[in-house]
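The values are calculated or read from the model by the stated rules, or taken from the named source; none is laboratory data. Computed from a predicted model, the values in this text were never measured in an experiment. Because the Cβ atoms are built from the backbone with ideal geometry, glycine has one as well, and the counts that use them run over all protein chains shown.
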Amino acid sequence: MKIKTLYVLAHFPQASEAYVEAEIAWMLSQGVQVEVWASAPGYGTAWMNVPIHRGPLKRAIDAIRPDVIHVHHMTTANYYLDKLPVQPSMTTVRAHSFDWDPAVARRLVGHPAIRHIFAFPHLAAQVPDVEITPMPVAYDPVFYYPTEKKNPRSVVRLSAGLPTKRLDDFIRVGNRIGNKAEFTLVMSLIIGNETQMVDRMTKLNQELGGHVKIRTNATRAEAAQLVRDAWVYMATADPSSHVFGMPVSIAEAMATGCYVIAPDAGPQVKSYLDLGGDIYGSIDEAVGLIQTAIRADDRSRESLGALAIRNAARFHPAVALAPLLEEWSKIVLENF
């Protein structure tokens, strides 16, 4: 059964949206015919061979005649709600974290155009009174997989260049540890915040000693290679900006066998990491965890890496995205 899905996105291609691209790549591998409509291009290169549409959304829907419409971000779904078909209802929505709002979730679930919403398990649990399917993040196994040897001194962070990511924490930790490790920050530029964060982080890094290498807009393959080669992945976030979701970079790092440290943003962080990493509550704690990790012997690194890889199996798209593909199949069968 061939499924034709139209993805409705705010920006595409966008280098920081590995979450979206991983999902599209997996659906393509499963035989889904994917086309994308986006209101505007982002910063990034379209490495997947999918048609990209601009202009009025309704015009794209009428031209493509999709079996399924799939929207990423509840804010995007809410904005275009009156443009989505009601008869038949064929739209699914994938919530992230910065867009999460229980009131918006209830509104979308109650609208006749929306067939189903998928959200991270800890977010779906916030609205037990409505039907939302819990679904974790999924990484792209074509780019993120275990490698035989990692650089025990390499610490990396991939991130959108946004203030909410607390990238200054990574800069501060890298300069505290100095030449004992190799810190690399890969930042993706964002529409409306093109170079401000790059300039700010570059200035801070120089003031603190210049021990962190900063790269902007690496290709998907280049960024993945850096993670595969690294031993430590340091996640950063500002819990006060929005609810902590499931940053795909953490799953990507664990899938390669990285030891991951993440900020203490609630019990959902420990659930996400499981035995694949540790939580830090301060700069001092992050420094201590990384210093211990880079001093670990080969046997310890192998053991910790194996735990991370085992945990990441939950986020392989064959497992994580199964409910979404199943729902799309139901929509096609019911509307055939």
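Some notes on this structure:
- Against the test of being part of a loop (DSSP other than H, G, I, E, B), over 17 Å from the mean Cα position of the chain (by Cα) and at pLDDT below 95, the options P146, P85 yield a single qualifying residue, P85.
- From the list H96, H70, the one residue that fits, being part of a loop (DSSP other than H, G, I, E, B) and closer than 24 Å to A22 by Cβ, is H96.
- Pick from the range 254-286, criterion assigned to a helix (DSSP H, G or I) and buried (at least 17 other Cβ atoms within 10 Å of the Cβ), ranking: modelled with the lowest pLDDT: Q268
- Every listed requirement among (1) in a loop (DSSP other than H, G, I, E, B); (2) touching a strand residue (DSSP E or B) at 6+ places or on another chain (Cβ under 9 Å) is met by M246 save one, (2).
- The single condition among (1) part of a helix (DSSP H, G or I); (2) touching a residue at least 24 places away in the same chain (Cβ under 8 Å); (3) charged (D, E, K, R) that D62 does not meet is (2).
- Residue in the range 24-33 that is under 23 Å from the mean Cα position of the chain (by Cα), in a loop (DSSP other than H, G, I, E, B) and surrounded by 22 or more Cβ atoms within 10 Å (Cβ to Cβ) present: no
- Candidates A124, A119, A181, filtered to the one that is in the same structural domain as Q206 (by TED's automatic domain parsing) and either crowded, with 19+ Cβ neighbours inside 10 Å or of a type in the set (K, R) (or both): A181
- Whether a residue is assigned to a loop (DSSP other than H, G, I, E, B) and modelled with pLDDT of 95 or more was assessed, and D140 passes this test.
- Cβ-Cβ under 6 Å pairs, at least 6 apart or on other chains, the range 133-153 side aliphatic (A, V, I, L, M), far side in a loop (DSSP other than H, G, I, E, B): V137/M246; A138/L321
- Residue within the range 287-294 that is surrounded by fewer than 20 Cβ atoms within 10 Å (Cβ to Cβ) and modelled with pLDDT under 95 present: no
- Residue pairs meeting the criteria (Cβ under 9 Å; at least 6 apart or on separate chains; first closer than 12 Å to V155 by Cβ and without any contact (Cβ under 8 Å) to a residue 60 or more places away in the chain, in the range 279-295; second among the charged types (D, E, K, R) and surrounded by 16 or more Cβ atoms within 10 Å (Cβ to Cβ)): L289/D278
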